[in-house]
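Okay, structure first, notes after.
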Amino acid sequence: MMRWRIGEVTVTKVIELEVTGGSRFILPQATPETVLPIGWLQPDFADGRGRLKMSIHALLVETPRRRIIVDTCLGNDKENRRIPTWNRLQTSFLADLGTAGCQRETIDTVVCTHLHVDHVGWNTMLVDGSWVPTFPNARYLMGRTEFEHWGSQTDREEIGAVLRDSVGPVVHAGLVDLVETDHRICEEVGLVPTPGHTPGHVSVRIASQGEEALITGDFMHHPCQIAHPEWSSTADSDPARAQRTREQMLTRVSDTPILVIGTHFAGRTAGRVVPEGDAFRLVA
């Protein structure tokens, strides 16, 4: 279980799923022929055949006074997911969260960087046939722009299913706070607007005792987009804006001590961004 220290803040990676290959549907430009020349992707982010390695995980952020979970993966028992292997999962996620030293009742804040299926699943859990909040003592922070956007997309069945089982129950429980994209969560943690993947997408900035980290969310799905910021995901609602955001954020963090923690980055998951040619690389 990976853990990073940023001043007085600890960030722990809690994995739900890791996969190698099968990611062309999300990053079609990342063919083995284009990935293999990016040598620094191996072994953490690609294998020797040029297949991408990707992870679905949550990030537990512990400050001196707060216990925050950023994004809640896919969740168990969910149905009507567009990707068949994401249906009716039975993972050890909650037990693994406990192994990280955190019981679900002790989480006080859940941050949803956006409301895609693989970022909100463990917002709820199935109990006696009903979806109930997994973190009953937490405030669930959702971007106002993001929430309003997806609330208008209920005619899309795959979106409607996610809203019904992973978003609606925490809204109805009175646990949701709609926030702006630059919301300050606490002294050490705040949101950063990174639109393009979705209209209200945010990343998470951590700053403590002169040290800084950035949790990406999905403005990048994979480190290959550090080498090729022009590679946009098929899931980006506005690919051109997503590319601009990626370029701006990579320029901002490049050649700085800022630790970049990728929400879908497998392997060592985090590192510093440095310039390389006309683009960048991640030093994991």
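Ranking THR124, LEU74, THR154 by Cα position along the charge dipole of the stretch 3-283, where only Lys, Arg, Asp and Glu carry charges on their C-beta atoms, puts LEU74 farthest toward the positive end.
Each residue of the stretch 1-157 gets 151 Å³ once the volume of the Cα convex hull is shared out per residue. Amide H contacts of SER203 (H built 1.01 Å from N, in plane; Pro and chain starts excluded): VAL192, THR194 sit under 5 Å, all sequence-distant by 5 or more or on other chains. Packing order of peptides 13-23, 227-237, highest average first: 227-237, 13-23 (average count of other Cβ atoms within 10 Å over each peptide's residues). Taking Cβ atoms as reference points and 10 Å as the exclusive limit, the residues near THR72 contribute a net charge of -3, counting Lys and Arg as +1 and Asp and Glu as -1.
Find how many whole Å separate the alpha carbon centroid of the stretch 112-162 from the alpha carbon centroid of the stretch 39-77. If you average the Cα positions of each part, the centres end up 19 Å apart.
Modelled this way, with points 7 Å down the Cα-to-C-beta line, the labels at THR256 and GLN90 are 4.6 nm from one another.
Summing charges over neighbours of GLY217, with a neighbour being any other residue whose Cβ is under 13 Å away from its Cβ, gives -3 when K and R count +1 and D and E count -1. Of the Cα atoms belonging to the stretch 123-280, the radius of gyration and Dmax stand at 17.1, 56 Å. For the stretch 26-99, dividing the convex hull volume of the Cα atoms by the residue count gives 151 Å³ per residue. The local environment of ILE38, defined by Cβ-Cβ distances under 14 Å, has a net charge of -2 under the rule Lys, Arg +1 and Asp, Glu -1. For the stretch 53-133, the spread of Cα positions along the three principal axes, ordered from largest to smallest, is 40, 34, 22 Å.
Convex hull volume of the C-alpha atoms in the chain, normalised per residue: 118 Å³. The 3J(HN,Hα) values that the Karplus relation (6.51, -1.76, 1.60; θ = phi - 60°) gives for the stretch 263-277 are, in residue order, 5, 10, 7, 7, x, 6, 6, 10, x, 9, 8, 10, x, 8, x Hz. Gly and Pro appear as x. Working from Cα pairs under 8 Å separated by at least six residues, relative contact order for the stretch 69-121 is 55 percent. For GLY143, the amide hydrogen comes within under 5 Å of the amide hydrogens of VAL179, counting only partners 5 or more places away or on other chains and with H modelled in the peptide plane. Between the amide H of GLU8 and those of GLN209, distances stay under 5 Å, these residues lying 5 or more places away or on another chain, with hydrogens modeled in the peptide plane. Against the longest alpha carbon principal axis of the chain, how many degrees, from 0 to 90 and to the nearest 10, is the axis of helix 239-253 turned? Helix 239-253 sits at roughly 70 degrees to that axis. Its relative contact order, with pairs defined as Cα atoms under 8 Å and 6+ residues apart, puts the stretch 3-283 at 18 percent. Charge dipole (Cα centre; +1 on Lys/Arg Cβ, -1 on Asp/Glu Cβ; no other charges) of the chain amounts to roughly 360 debye. Relative contact order, whole percent, for the stretch 150-206 stands at 19, derived from Cα pairs under 8 Å and 6 or more residues apart.
Computed from the coordinates by the stated procedures, all read-outs in this text should not be read as laboratory data. Note that the structure is a prediction, hence the values are computed from the model and not measured. With ideal geometry, Cβ positions are generated from the backbone for all residues, glycine too; neighbour counts draw on all protein chains shown.
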